Amino acid sequence: MDGVSHSYGSRKALDNVSFTVPQGSFTALLGPNGAGKSTLFSLITRLFNTRSGEISILGYPLRGQSTEALRRLGVVFQARTLDLDLSIRQNLIYHAALHGIGRKAAEARIEDILKTSELAERLGEKARNLSGGQLRRIEIVRAFMHKPRLILLDEPTTGLDIKSRAEIVSEVRRLVEEENVSVLWATHLIDEIDASDRVVVLHRGTVLAEGRVEDVTEAENAETIHDAFTRLTGLARLEGARQMETLR
Ligand SMILES: Nc1ncnc2c1ncn2[C@@H]1O[C@H](COP(=O)(O)OP(=O)(O)OP(=O)(O)O)[C@@H](O)[C@H]1O
């Protein structure tokens with residue numbers, strides 16, 4: 001992503017945003033509410049057109065080669081998107097069909113992804129029987145169905161209890177490792193980030209830091225990524241205040 005900006009009318013939601021998600025990495029997009037994470041995801045998934053800057057997925061620019069780019073992308077949106085009146089299996093098979101995957105291949109893929117998960121026994125049940133955390137896990141399975149190379153997750157643990165949150169984080173980490181996909185995980189929860197992850201700190205539409213957790217922490221002379229984040233966003237507030245002073 002290079003030099004991407006987006007405005008809603010006169011409100012600038014993203015301002016010259018550039019970063020990369022290296023192949024096979026777990027990259028956390030860390031930002032408080034309103035930082036611009038959902039806007040960024042809307043641009044990557046082409047819900048909105050990118051009017052300024054450039055976004056490429058696996059080397060395919062969205063502008064010009066969007067079909068090739070989007071074929072390699074899996075997405076878990078913030079809002080729930082399963083059809084509650086269909087069975088879990090139907091939800092997954094219909095999604096696979098949209099990607100041109102036949103029933104048999106889809107069944108095999110479901111089995112492969114769910115393997116030892118207790119959810120494998122519930123495939124015939126209506127989605128509405130599942131808990132919020134289980135629904136989220138099925139949405140994650142769905143995002144993996146067509147073997148994407150990059151997965152976007154927009155605050156996937158929002159509204160879930162601690163146990164479900166932990167299950168989701170570890171499930172995604174397992175899949176990342178097994179399938180060697182890249183992940184961009186939007187969150188405002190620092191405890192979801194591991195020491196070995198990469199992080200992109202987004203605040204008020206600008207990238208304040210990008211790199212390995214260790215490097216970002218060190219660059220801020222901080223003890224933890226939590227401290228680094230507070231420093232970075234505190235610094236941004238100061239910068240904002242300074243700019244306000246200049247304007248007066
Ligand atoms: N449709 C819209 N019209 C006008 N302003 C919007 C719209 N969507 C988002 N914004 C504004 O753009 C900025 C970025 O919002 P965005 O939803 O991308 O942030 P976010 O980091 O995803 O936050 P959250 O975690 O709360 O969803 C905010 O100031 C928000 O108020």
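The values are calculated or read from the model by the stated rules, or taken from the named source; none is laboratory data. Because the structure is a prediction, the values reported are computed rather than measured. Cβ atoms come from the backbone with ideal geometry, glycine included; neighbour counts cover every protein chain shown.
A few remarks follow.
- Of all residues in segment 123-136, none satisfies being over 24 Å from I44 (Cα atoms) and in contact (Cβ under 8 Å) with a residue 60 or more places away in the chain.
- Criterion (more than 14 Å from the ligand (Cβ to nearest atom), among the aliphatic types (A, V, I, L, M) and either surrounded by 14 or more Cβ atoms within 10 Å (Cβ to Cβ) or without any contact (Cβ under 8 Å) to a residue 12 or more places away in the chain (or both)) met by exactly one of V17, V21: V21
- If only residues of segment 177-198 that are farther than 25 Å from G159 by Cβ and without any contact (Cβ under 8 Å) to a residue 12 or more places away in the chain are counted, the one that is farthest from the ligand (Cβ to nearest atom) is E178.
- Selection status of E155, among the charged types (D, E, K, R) and on the phi > 0 side of the Ramachandran plot: yes
- When residues of segment 142-169 are limited to those that are under 14 Å from the mean Cα position of the chain (by Cα) and free of Cβ contacts under 8 Å to residues at least 60 places away in the same chain, the one nearest to the ligand (Cβ to nearest atom): T157
- Within segment 102-119, considering residues that are under 13 Å from V141 (Cβ atoms) and β-branched (V, I, T), the one surrounded by the fewest Cβ atoms within 10 Å (Cβ to Cβ): I113
- Count - residues of segment 29-58 that are assigned to a strand (DSSP E or B) and either surrounded by fewer than 23 Cβ atoms within 10 Å (Cβ to Cβ) or away from the ligand (no atom under 14 Å from the Cβ) (or both): 5
- Among the residues making up segment 14-28, those that are over 19 Å from H203 (Cα atoms) and either not aromatic (F, W, Y) or not in a strand (DSSP E or B) (or both) are P22, Q23, G24, S25.
- If you go through segment 205-234 and keep only what is within 16 Å of the ligand (Cβ to nearest atom) and either of a type in the set (F, W, Y) or at pLDDT below 95 (or both), you end up with F229, L232, T233.
- Within segment 203-222, residues that are at positive phi sit with their Cβ atoms under 6 Å from residues that are surrounded by fewer than 18 Cβ atoms within 10 Å (Cβ to Cβ) and of a type in the set (D, E), at 6+ positions apart or across chains, in these pairs: G205/D15.
- The lone criterion from (1) within 16 Å of the ligand (Cβ to nearest atom); (2) more than 21 Å from V199 (Cβ to Cβ); (3) surrounded by 14 or more Cβ atoms within 10 Å (Cβ to Cβ) left unmet by Y8 is number (3).
- Test: residue in segment 84-100 that is in a helix (DSSP H, G or I), more than 16 Å from the ligand (Cβ to nearest atom) and either under 30 Å from A195 (Cβ atoms) or of a type in the set (S, T, N, Q) (or both): yes
- Among the residues of segment 142-191, those identified as of a type in the set (S, T, Y) and assigned to a strand (DSSP E or B) are S182, T187.
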